[in-house]
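Accompanying notes for the structure given below.
The values are calculated or read from the model by the stated rules, or taken from the named source; none is laboratory data. Keep in mind that this is a model prediction, so the values were computed, not measured. Virtual Cβ from ideal backbone geometry, glycine too; neighbours counted across all protein chains shown.
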Amino acid sequence: MTSVRAKKQSNCRICHSGRLRRYLDLGSTPLANSYLREEDLTTEEFREELALQVCLDCGLSQLTTVVNPELMFKQYLYVSSTTETFRNHCAELANTSVMVAGCRSGDLVLDIASNDGCLLSKFRELGQEVVGVDPAENLAAEANKAGIPTLCGFWSRRLSEDVVGRYGQPRIITATNVFAHVDDVHEFVRAVDRCLATRGIFVIECPYVVDFIEKNEFDTAYHEHLSYLGVHPLRVLMEKHGFQIFRVDYFEMIHGGTIRVYVGREGEYQPDPSVERHLLQEEEFGIKDFRRYEAFGERVLQNKQQLLDLIRRLRAERRTVWAYGASAKGNTLMNFFGITKDAIPVVLDDNPKKWGWRTPGAHMRITGVQELVRANVDYLLLLAWNFESEIRRRCKAVGYTGRFVLPVPEVQILDCANTWRNERGIP
Ligand SMILES: [Zn+2]
C-alpha cells in the first residue's frame with residue numbers, strides 16, 4: 001500500500017488555472033466501488049471528502065480531492081458487458097469508429113481500460129486486430145482467458161511503447177469511461193501521441209457535464225470520477241498536444257448523457273459541424289458560469305430532502321423497501337443521503353460477481369433479482385436509474401408487483417402496471 005492516500009486539487013487539471021470554485025459537497029464518503037465482505041463490516045472504512053469545483057477559465061468540473069488510484073482500481077467488480085444496453089452501444093461504437101478512421105481489416109485497435117474486453121470483442125468481429133490495457137488484475141486475466149490480449153497496468157508512456165513494440169501502431173485508440181477517471185490527463189494524451197498512427201483516431205467517451213448539471217446527476221460523482229467533461233475543456237487539452245477534435249456524437253441514454261469525441265492529429269481530419277454546435281451549446285448553457293453550478297447544488301439538496309421524507313414515511317407505514325443496482329452511483333446517493341441498511345437492507349444487482357458482498361458505507365446486502373420472488377417488497381429504489389427499462393423488465397419477469405421509486409432528478413413513484421404510468425410527486 002502506498003503512503004499518500006489523497007491529495008488536494010488546487011489547480012485545474014487541464015488549464016492549470018487557480019480559479020476553481022466549489023459548488024457541491026457530498027460529505028466524507030467511502031470509495032464507491034469498495035464492496036465489503038461480511039467479515040470486513042466491523043473494520044473502519046476508508047473515507048475521503050467528495051466535493052466538486054469548477055474551473056472558471058476552461059469550464060472543467062473536477063473533484064476537490066484525488067484519492068490514490070492504487071486504492072481504487074486494482075480489483076474492480078464492475079464488468080462492462082453486464083447489460084444489454086451497454087453491449088449494443090459497444091457494437092455501434094466499433095462500427096462507427098472503423099468507418100470514421102477508414103480502417104482496413106487487420107488494422108490494430110487499442111482500448112485503454114478495456115475492462116473484460118467487451119468493446120474489443122466487437123472490433124474483432126469487424127476483422128480488426130485488438131489489444132487492451134487495464135489496471136485491474138482480475139479483469140485483465142479474464143479478458144486474456146477469453147482470447148482478448150490485455151496488458152495489465154495504468155495507461156502510461158511505458159505501456160504505450162510496449163504496445164508499439166509488440167503489436168504495432170494502433171489506427172484506433174478508444175478510451176471509454178476512463179478519461180474522467182484520470183488525474184494526469186496530459187501524461188495520458190502524451191502516451192496516446194506516442195503510439196497512435198499518423199492518420200489514427202483517438203475516441204473518448206465520457207459522461208457529459210451538461211447533463212450532469214441539468215439533470216441533477218449528482219450521484220454520478222464518486223472518488224474515481226475526477227473530471228466532469230465537456231467539449232470546451234477537452235479542446236483546450238487536445239490543442240496543447242497538437243490534437244484536434246473533429247467530431248462529437250451525443251448519446252442521451254448512455255450513463256445519463258454521454259459525449260463521444262473523435263480526435264485526430266491536427267489537420268488530418270476535416271472538423272465536422274457537430275464540434276462547433278456543441279461548443280455553442282455549452283456556451284449557451286454557461287459552462288464557465290458559476291451561477292449554473294450554484295443552482296445545481298441547491299437543487300440537489302432539495303432532492304435529498306424529498307427522498308429522505310419519502311423513506312421516513314414508508315418506514316412509518318411499515319413498508320418494505322429494497323433497492324436495485326449496487327452501482328457506484330447508488331453508493332454515492334446512499335452515503336450522501338445518509339441512508340443505511342436499517343432502512344434498505346437489500347440491494348438487487350444483475351452482476352453475480354457482486355452477490356454476497358455488502359455495499360460501502362450503507363452495508364446493504366447484495367443479491368440477485370430471483371430473491372425478489374419470495375420477498376414481500378413494496379418499493380424498489382432504482383439506484384441504477386440509467387437502466388430503468390431493463391430493470392423494470394427483469395422485475396416483471398419474476399412477478400414483482402410492487403412499486404418503484406426513481407430518486408433523481410426528483411423523486412417519483414412508478415407503478416408496476418402494464419401501462420407504466422408515472423405518478424409525479426410523493427403519494
Ligand atoms: Zn481549467
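Please work out if residue 111 is buried (at least 23 other Cβ atoms within 10 Å of the Cβ) and at pLDDT 95 or above.
Values: buried (at least 23 other Cβ atoms within 10 Å of the Cβ): yes; at pLDDT 95 or above: yes.
Spelling it out, residue 111 is indeed buried (at least 23 other Cβ atoms within 10 Å of the Cβ) and at pLDDT 95 or above.
Hey, does the stretch 208-221 have a residue that's assigned to a strand (DSSP E or B), crowded, with 24+ Cβ neighbours inside 10 Å and of a type in the set (A, V, I, L, M, F, W, C)? Steps first, please.
Filtering the stretch 208-221 down to residues assigned to a strand (DSSP E or B) leaves 208.
With the extra rule that they be crowded, with 24+ Cβ neighbours inside 10 Å, the set shrinks to 208.
Narrowing the set further to residues that are of a type in the set (A, V, I, L, M, F, W, C) leaves none.
No: the stretch 208-221 contains no residue that is assigned to a strand (DSSP E or B), crowded, with 24+ Cβ neighbours inside 10 Å and of a type in the set (A, V, I, L, M, F, W, C).
Tally time: how many residues in the stretch 157-181 are among the aliphatic types (A, V, I, L, M), modelled with pLDDT of 95 or more and in contact with a Phe, Trp or Tyr (Cβ under 9 Å, 6 or more places away or on another chain)?
Residues of the stretch 157-181 among the aliphatic types (A, V, I, L, M): 159, 163-164, 172-173, 175, 178, 180.
From what is left, the residues that are modelled with pLDDT of 95 or more are 159, 163-164, 172-173, 175, 180.
Next, from what is left, pick out any that are in contact with a Phe, Trp or Tyr (Cβ under 9 Å, 6 or more places away or on another chain): 172-173, 175, 180.
Selection size over the stretch 157-181: 4.
Can you say whether residue 212 is within 27 Å of residue 46 (Cα to Cα) and among the aromatic types (Phe, Trp, Tyr), as far as the supplied structure shows?
Values: within 27 Å of residue 46 (Cα to Cα): yes; among the aromatic types (Phe, Trp, Tyr): yes.
Against the criterion (within 27 Å of residue 46 (Cα to Cα) and among the aromatic types (Phe, Trp, Tyr)), residue 212 qualifies.
Residue by residue, here is whether (1) without any contact (Cβ under 8 Å) to a residue 24 or more places away in the chain; (2) among the acidic types (Asp, Glu) holds:
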{"site": "84", "(1), (2)": "no, yes"}
{"site": "101", "(1), (2)": "no, no"}
{"site": "109", "(1), (2)": "no, no"}
{"site": "137", "(1), (2)": "no, yes"}
{"site": "151", "(1), (2)": "yes, no"}
{"site": "169", "(1), (2)": "no, no"}
{"site": "182", "(1), (2)": "no, no"}
{"site": "190", "(1), (2)": "no, no"}
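Which ranges mark the helices (runs of 4 or more DSSP H) fully within the stretch 90-197 that have 2 or more residues being within 20 Å of the chain's Cα centre (by Cα) and under 29 Å from residue 256 (Cβ atoms)? Write out each step before concluding.
Working: elements: 118-125, 137-145, 157-167, 185-195.
Hits in the stretch 90-197: 118-125, 137-145, 185-195.
Can you tell me which residue among 22, 13, 37 is among the basic types (Lys, Arg) and within 14 Å of the ligand (Cβ to nearest atom)?
Working: 22 fails: within 14 Å of the ligand (Cβ to nearest atom); 37 fails: within 14 Å of the ligand (Cβ to nearest atom).
Answer to the selection: 13.
Here's a check for you: in the stretch 55-89, which residue that is within 17 Å of residue 32 (Cα to Cα), under 15 Å from the mean Cα position of the chain (by Cα) and at pLDDT 90 or above is nearest to the ligand (Cβ to nearest atom)?
As a first pass, look at the stretch 55-89 and keep what is within 17 Å of residue 32 (Cα to Cα): 62-80.
Now restrict to residues that are under 15 Å from the mean Cα position of the chain (by Cα): 62-63, 72-73, 76-80.
After this cut, where a residue has to be at pLDDT 90 or above as well, the list is 62-63.
Values: 62: 8, 63: 14 Å.
Among residues in the stretch 55-89 that are within 17 Å of residue 32 (Cα to Cα), under 15 Å from the mean Cα position of the chain (by Cα) and at pLDDT 90 or above, the one nearest to the ligand (Cβ to nearest atom) is 62.
Would you check if residue 324 is at pLDDT 95 or above, hydroxyl-bearing (Ser, Thr, Tyr) and within 18 Å of residue 216 (Cα to Cα)? Walk me through how you get there before you give the answer.
Details: at pLDDT 95 or above: yes; hydroxyl-bearing (Ser, Thr, Tyr): yes; within 18 Å of residue 216 (Cα to Cα): no.
It is false that residue 324 is at pLDDT 95 or above, hydroxyl-bearing (Ser, Thr, Tyr) and within 18 Å of residue 216 (Cα to Cα).
A quick yes/no check of all residues on (1) in contact with a Pro (Cβ under 8 Å, 6 or more places away or on another chain); (2) under 19 Å from residue 414 (Cβ atoms); (3) in contact (Cβ under 8 Å) with a residue 40 or more places away in the chain:
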position: 292; (1), (2), (3): no, no, yes
position: 309; (1), (2), (3): no, yes, yes
position: 329; (1), (2), (3): no, yes, yes
position: 341; (1), (2), (3): no, no, no
position: 358; (1), (2), (3): no, no, yes
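Any residue at all in the stretch 287-298 that is among the charged types (D, E, K, R), part of a helix (DSSP H, G or I) and closer than 30 Å to residue 379 by Cβ? Show your work before the answer.
If we filter the stretch 287-298 for residues that are among the charged types (D, E, K, R), which is where we start, we get 288-289, 291-292, 294, 298.
Among the residues that remain, those that are also part of a helix (DSSP H, G or I) are: 291-292, 294, 298.
Adding the requirement that they be closer than 30 Å to residue 379 by Cβ leaves 298.
The answer is yes, given that some residue of the stretch 287-298 is among the charged types (D, E, K, R), part of a helix (DSSP H, G or I) and closer than 30 Å to residue 379 by Cβ.
When you scan the stretch 82-103, do you find a residue that is aliphatic (A, V, I, L, M) and in contact with a Pro (Cβ under 8 Å, 6 or more places away or on another chain), even just one?
Filtering the stretch 82-103 for residues aliphatic (A, V, I, L, M) gives 91, 93-94, 98-101.
Cutting the leftovers down to in contact with a Pro (Cβ under 8 Å, 6 or more places away or on another chain) gives us none.
No; the residues of the stretch 82-103 include none that is aliphatic (A, V, I, L, M) and in contact with a Pro (Cβ under 8 Å, 6 or more places away or on another chain).
If residue 248 satisfies all but one of (1) over 20 Å from residue 90 (Cβ atoms); (2) aliphatic (A, V, I, L, M); (3) without any contact (Cβ under 8 Å) to a residue 40 or more places away in the chain, what's the number of the condition it fails?
For residue 248, the failing item is (1).
Only one of these conditions is not met by residue 266: (1) surrounded by 20 or more Cβ atoms within 10 Å (Cβ to Cβ); (2) free of Cβ contacts under 8 Å to residues at least 60 places away in the same chain. Which number is it?
Result: residue 266 passes all but (1).
In this structure, does residue 338 turn out to be out of contact with any Ser or Thr (no Cβ under 9 Å at 6 or more places or on another chain) and within 26 Å of residue 31 (Cα to Cα)? Lay out the reasoning, then the answer.
On the way: out of contact with any Ser or Thr (no Cβ under 9 Å at 6 or more places or on another chain): yes; within 26 Å of residue 31 (Cα to Cα): yes.
The answer is yes for residue 338.
Do you know which of the residues in the stretch 228-243 that are touching a strand residue (DSSP E or B) at 6+ places or on another chain (Cβ under 6 Å) and outside any helix (DSSP H, G or I) is nearest to residue 72 (Cα to Cα)?
Here the residue is 228.
Give the number of residues within the stretch 351-383 that are modelled with pLDDT under 90 and touching a Ser or Thr at 6+ places or on another chain (Cβ under 7 Å).
Residues flagged as modelled with pLDDT under 90 and touching a Ser or Thr at 6+ places or on another chain (Cβ under 7 Å) within the stretch 351-383 amount to 1.
Does residue 47 qualify as being closer than 26 Å to residue 262 by Cα and either touching a strand residue (DSSP E or B) at 6+ places or on another chain (Cβ under 8 Å) or β-branched (Val, Ile, Thr) (or both)? Break it down into steps so the answer makes sense when it comes.
Values: closer than 26 Å to residue 262 by Cα: no; either touching a strand residue (DSSP E or B) at 6+ places or on another chain (Cβ under 8 Å) or β-branched (Val, Ile, Thr) (or both): yes.
The answer is no for residue 47.
Looking for whichever is under 28 Å from residue 87 (Cβ atoms), surrounded by 16 or more Cβ atoms within 10 Å (Cβ to Cβ), modelled with pLDDT under 95 and out of contact with any helix residue (DSSP H, G or I) (no Cβ under 6 Å at 6 or more places or on another chain) here; the options are 154, 188. Which one fits? First the steps, then the outcome.
Details: 188 fails: modelled with pLDDT under 95.
Matching residue, one of 154, 188: 154.
Have a look at 225, 278 and point out the one that is part of a loop (DSSP other than H, G, I, E, B) and buried (at least 21 other Cβ atoms within 10 Å of the Cβ). I'd like the intermediate steps shown before the answer.
Numbers: 278 fails: part of a loop (DSSP other than H, G, I, E, B).
Every option except 225 fails the conditions.
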